[in-house]
């Protein structure tokens, strides 16, 4: 039984990793419609780790705005079919 459980866990993890590029590509596609073109252009990268969307920004004002909008952005992501994300983390990144 433990062997079967290990196989199931391995298959699940492989599936999660296989879907990650598709998820991040979909995020790149919908991000400007969620945050607006200006904020989307101010973000440097969108990454997903452990159901957390990590957004890198170079502008402190954009960081604060996105952090404040976090709960609304999560709802919007779920409405767009991106329910794999349940948290948003906005990080400041110097150029």
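Points worth noting:
Yes or no, residue by residue, for (1) surrounded by 10 or more Cβ atoms within 10 Å (Cβ to Cβ); (2) closer than 25 Å to residue 69 by Cβ; (3) at pLDDT 65 or above:
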| residue | (1), (2), (3) |
| --- | --- |
| 3 | no, no, no |
| 6 | yes, no, no |
| 16 | yes, no, no |
| 25 | yes, yes, yes |
| 33 | yes, yes, yes |
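- Of the residues making up the range 29-54, those that are more than 18 Å from residue 93 (Cβ to Cβ) and either free of Cβ contacts under 8 Å to residues at least 40 places away in the same chain or more than 14 Å from the chain's Cα centre (by Cα) (or both) are 29, 32, 33, 36, 37, 50, 51.
- Selection count, the range 28-44, where residues are in contact with a helix residue (DSSP H, G or I) (Cβ under 9 Å, 6 or more places away or on another chain) and more than 19 Å from residue 79 (Cα to Cα): 5
- The residue that is farthest from residue 49 (Cα to Cα), counting only those in the range 77-91 that are more than 12 Å from the chain's Cα centre (by Cα) and surrounded by 12 or more Cβ atoms within 10 Å (Cβ to Cβ), is 80.
- Yes/no for residue 57 being surrounded by 12 or more Cβ atoms within 10 Å (Cβ to Cβ), farther than 17 Å from residue 23 by Cβ and over 12 Å from the mean Cα position of the chain (by Cα): yes
The values are calculated or read from the model by the stated rules, or taken from the named source; none is laboratory data. Note that the coordinates shown come from a computational prediction; the quantities given were computed from them, not determined experimentally. With ideal geometry, Cβ positions are generated from the backbone for all residues, glycine too; neighbour counts draw on all protein chains shown.
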